[in-house]
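K.L.:
Before anything else, here's the structure in question.
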Amino acid sequence: MFGRSTALVAGSVAVAVALSGCSLLEAGGEPEPLTGVAACALGHVWELDVADYAPKMKEEFARRGLGENVEITGTQRLDWNEKGHVLLTADMQLTLFVQVTGDFAVTVNQQYAGDVTGAAYISGDVAIPRRWDDSAMTISTQPEANGSPIEESPWQLPSLVVDDSVGLEITCDGDALTIHPRGGKVTQVWTKVGDSTI
């Protein structure tokens, strides 16, 4: 389940450092042990299950009246360390095809490439993004009408990466993590692939 929108709406990770899910310092200077969802989610690298995510996004596009001709490929990884710091890396491609009329079709190709950094502090089962920096994330969009380039997409599209606009409802069980941006329609499923390196 983590970018902002450019020509599209960035869909959607990070509360104060004093939140109970964070690794707080006791009087002696030792961090309190993580518990609950935080103990499961933090300290690991997670990879987005694109095979699960793609059909969910197709449903979201259909809900917006854009049909179901959507293809999503690539990878997205979330490195989330025990202090709540985040490194999100995306290399994903979205292709949307809309047959507007019988003889007029629009195709939008969108590429996500680069990193997002920040923090996502967990309290209970919610993570709130802080200090989000997506300046190293490039979102390029190439729309075409009947095969010829046009200046911009006719539609605002939901983002494939999480941003800092809303809190994130999360669950974590073993090697499985889910992220659901509050108010959103799509829940992302992530699989643990290693230990944090940040």
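Every number here is computed from the coordinates shown, using simple stated rules; none is lab data. Just so it is clear, the model here is predicted, and its values are computed rather than measured. When we count neighbours, we look across all protein chains shown, and the Cβ atoms used for this are built from the backbone with ideal geometry, even at glycine.
K.L.:
What is the gain in length, in nm to one decimal, between LYS83 and ASP173 on full extension, counting 0.36 nm per residue of separation less the C-alpha to C-alpha distance? Spell out each step's value before the answer.
P.N.:
Numbers: separation 90, 0.36 × 90 = 32.40 nm, distance 1.94 nm.
Stretched fully, the LYS83-ASP173 segment lengthens by 30.5 nm.
K.L.:
Over all directions, how big on average is the projection of the convex hull of the alpha-carbon atoms in region 54-198, in square nanometres? Display every interim value, and only then the final one.
P.N.:
Numbers: hull surface 37.2 nm².
With the hull built on Cα positions only, its mean projection is 9.3 nm².
K.L.:
In Å, the Kirkwood hydrodynamic radius of region 136-194 over pairs of distinct alpha carbons? Can you show the working numbers first?
P.N.:
Values: mean 1/r = 0.0692 Å⁻¹.
Across region 136-194, the inverse of the average 1/r is 14.5 Å.
K.L.:
Take each of the peptides 132-142, 72-82, average the number of other beta-carbon atoms within 10 Å over its residues, and list them starting from the highest.
P.N.:
Numbers: 132-142: 15.7, 72-82: 19.2.
So the order, starting with the most tightly packed, is 72-82, 132-142.
K.L.:
Here's another thing I want to ask about it. Find how many whole Å separate the alpha carbon centroid of region 57-83 from the alpha carbon centroid of region 140-174.
P.N.:
The distance from the Cα centre of region 140-174 to that of region 57-83 comes to 8 Å.
K.L.:
Considering only the other residues whose Cβ falls under 11 Å of the Cβ of PHE97, what net charge follows from Lys and Arg at +1 and Asp and Glu at -1? Intermediate results must be reported in sequence, preceding the final value.
P.N.:
Numbers: positive: none; negative: GLU68, GLU71, GLU144.
Net of charged neighbours comes to -3.
K.L.:
Additional query: Any chance you could run the full-extension gain for ALA105 through ARG64? It's 0.36 nm times the residue separation minus the Cα-Cα distance, nm to one decimal.
P.N.:
The ALA105-ARG64 span can extend by a further 13.1 nm.
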